[in-house]
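Accompanying notes for the structure given below.
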């Protein structure tokens, strides 16, 4: 048995994989044992999932094998599901084993936050993982085939997306693009298909630039999306949703894209959370537990105006880099570095050739914004997998 | 208004389309008004449906626009669904209109015969039309996606095909071929997938050459099909089937490929039937109603040994040719021709590169039989659509 410190990273999402990759680079030989634990043997691009969900791209293009990203001579990889985190014993219980740690990085995926809307957890699907977007895609295709056998069931051709944030908006853009193809393949009149995007907040893309929001809504409305903004979903049932003033939208397909909360394992471990997210210290640590770092969806941080940063890929990646730095610093008894989010811009795709974005202090629309989105995605591939990964996956973006 | 006789053909399946094409060729200008009525604006290749059903070929390759087959200067085409046949008024009531006729050709599609098995009509799917095979294909793909989200539901990966006649055998062959691809796309272990082919008769392909049956079962067993021969399905439920001695096979996908009966519109018209099929006279007419011909699935004829001919594409096509001849003869007051079935051979495909067949008094197996099947399909394309259709669709067979 060695005396070198053990670092366990839970989750190979944006935060976890960046932490692993940076540790791999910064740690000296035998300075620490690093183990990455992930439910699947692949990392996936959450920012790309709206495409395979709508069927406008293959699932395969939204993921990459973890073995292609990490150097398995330097980092151990365990494919397993975390069952419990035992902070007092410094142990992580897996479905099929136990790992002990000196330092823990929690980069587990968040969970859908349904704000207590009855039936939402049971009846709606989520754009959250490779498996969940496969289900959405196959479910949608299945509804077209079912409709041809039961033409009175127009609810098979009605699609409700709850939430007009980035995920909801990007998904309806892709879905609207896919509809003509699905209609053609199934001999369905496109005018029968309805896509509703329902948002409780008074605006789509809440908090985003109003001019770009207006542009985005105009583009999507033209593509056939019906917006119901400032309209709360009251209930989700097997038959559809009830919105606003008890209006029923009958639909066999409800996608919930409105909220993310932290992973339940964290509160079950006795760590204090707000909606499952940990209000980490400025070094990304759990307050009072200096050997546990939290990155990504489970980490709660506030901007200078005191508003929480939304959980995005961008912030998770930046956290991963700082987390790795601070882990190395801890091991070397060097000072921790403060995390400061640098907003490098935000782009929302609106389907083929259309997007809206804010970057470098400027607004972008249309084709230019779509290219910007592509550039960001390619930059990410380069960051995690170098030019090889750009060549393998970049052409599909 | 003209005095020339009106011929109405119901259904553009093998029998109806052959009748139409031959009338188009044999009738002189203004000798008769011919109207072809069909539910869809396309003709489809029933003998090819097992492929799009399993997803080993596109739906598009199993159909052709009726407008590409018939000469609309010579034959009227009405896309509509027949609601009622009124023989006393010589009228056909359509969903959206009425047609009167002097001569009627009933070439409507048959219906699944479930032999009163409880739940079969409600819970099983059928390989009977473009729409029904689209449903099967999408349903199967959906089950793989569902399984990944609910891995305890092994019934999502269990497929039950009722009937090991030609349709059932050809379908399980294709499905077994498709499984590896579906497993790969969905990260599913292929050993978890089960395909059951259940047949009540004491043999698969009842009535076919025993040596070829044995070969077919060996090929399909090797591909992963589990046969339950001499085993009746007692009940079909939302959870699967109950077979033999109250054994339950849990399955989310049951395909009923075991029986065909005649179209219910015929018995509703007051015409005498056996399982919905009309025991036609030797000229293909309804006994006692010399102006009504029945071809295809609804026509019941007996071989010299007194056994009914099974409803196949081959017999329907031959009936179409004789039916057209007899219609022309009736109009010209010439004698009717007797229908005699000439068996030109039978080939059952067993998936990619494998088949069994009887033709020219010989037995064929393996790749040669698969080529024979292809040759038969190409010959059919040539018969109905000439070389143009062979070029357009033939490459996909």
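Could you tell me the largest-minus-smallest coordinate of the C-alpha atoms of region A:138-200 on each of the three principal axes, in descending order and whole angstroms?
Rounded to whole Å, the extents work out to 34, 21, 20 Å.
Label region B:1-139 by shape, choosing from rounded, prolate and oblate, from the square roots a ≥ b ≥ c of the eigenvalues of the Cα gyration tensor; if a/c is under 1.5 it is rounded, and otherwise prolate applies when a/b is larger than b/c, oblate when it is not. Working shown, then result.
Values: a/c = 2.82, a/b = 1.62, b/c = 1.74.
The shape class here is oblate.
Among chain B residues, which Cβ is nearest the axis of the B-onto-A rotation, and at how many Å?
With distances in whole Å, chain B gives B:142, 2.
Quote the relative contact order of region A:253-393 in percent (integer), defining contacts as alpha-carbon pairs under 8 Å separated by 6+ residues.
Worked out over region A:253-393, it gives 12 percent.
Distances over 34 Å make up what percent of all Cα-Cα pairs in the protein assembly as shown?
59
Given points 7 Å out from each Cα along the Cα-Cβ axis, report the residue B:89 to residue B:191 separation in nanometres with one decimal.
With each label point 7 Å from Cα toward Cβ, the separation is 6.6 nm.
Would you mind listing how long chain A runs along its three principal axes, going by Cα atoms, in whole Å with the largest first?
69, 41, 41
Can you give me the Kirkwood hydrodynamic radius for region B:120-256, using every pair of distinct Cα atoms, in Å to one decimal? Spell out each step's value before the answer.
Numbers: mean 1/r = 0.0661 Å⁻¹.
Its Kirkwood hydrodynamic radius stands at 15.1 Å.
For region B:323-397, compute Rh as the Kirkwood radius over C-alpha pairs and then the Stokes-Einstein diffusion coefficient at 10 °C and 1.306 mPa s; write the answer in µm²/s, rounded to an integer.
Estimated via Stokes-Einstein, D reaches 109 µm²/s.
Distances from residue B:116 to the same position in the other copies: list them in nm, one decimal, shortest first, using label points 7 Å from Cα along Cα→Cβ.
5.6
If I fit a long axis through the Cα atoms of helix B:366-393 and take the longest principal axis of the Cα atoms of chain B, what angle between them do I get, 0 to 90°, rounded to 10?
40
With a 10 Å radius around each residue's Cβ, average the other Cβ atoms per peptide and rank A:35-45, A:64-74, highest first. Please list the in-between numbers first.
Details: A:35-45: 20.8, A:64-74: 14.6.
Packing proxy ranking, top to bottom: A:35-45, A:64-74.
For region B:40-118, restrict the atom set to alpha-carbon positions and state the Rg and Dmax in Å.
That works out to 16.3, 48 Å for Rg and Dmax.
Using a Förster distance of 45 Å, how high is the FRET efficiency between residue A:40 and residue B:374, based on the Cβ-Cβ distance and rounded to 0.05? Present the calculation step by step, with values, prior to reporting the outcome.
On the way: r = 42 Å, r/R0 = 0.92.
Between residue A:40 and residue B:374 the formula returns 0.60.
Starting with the highest mean, order A:91-100, B:376-385 by the number of other Cβ atoms within 10 Å, averaged over the residues of each peptide.
B:376-385, A:91-100
Place the label 7 angstrom along Cα→C-beta at residue A:76 and in each other copy, then list the distances from the first to the rest in nm, shortest first.
Here the equivalent label points are 8.1 nm apart from this one.
For residue B:289, place a label point 7 Å out from Cα along the Cα→Cβ vector, do the same in each other copy, and report the separations in nm, one decimal, smallest first.
8.0
Find the relative contact order for region A:210-250 and round it to a whole percent, using C-alpha pairs within less than 8 Å whose residues are 6+ positions apart.
Once divided by the residue count of region A:210-250, the mean separation gives 22 percent.
Measure of size requested: the Rg and Dmax of region B:202-311, with Cα atoms as the atom set and Å as the unit; please supply both.
According to the Cα coordinates of region B:202-311, Rg and Dmax are 18.6, 52 Å.
On a 0 to 90 degree scale, rounded to 10, what angle separates helix A:14-26 from the longest Cα axis of chain A?
30
Only Cα pairs under 8 Å and at least 6 apart count here; give the relative contact order of region B:120-256 as a rounded whole percent.
Relative contact order, region B:120-256: 33 percent.
Each reported figure results from applying straightforward, stated rules to the coordinates on display, with no laboratory input. All values derive from a computational prediction rather than experimental measurement. Here the Cβ is made from the backbone with ideal geometry for all residues, glycine too, and neighbour counts use every protein chain on show.
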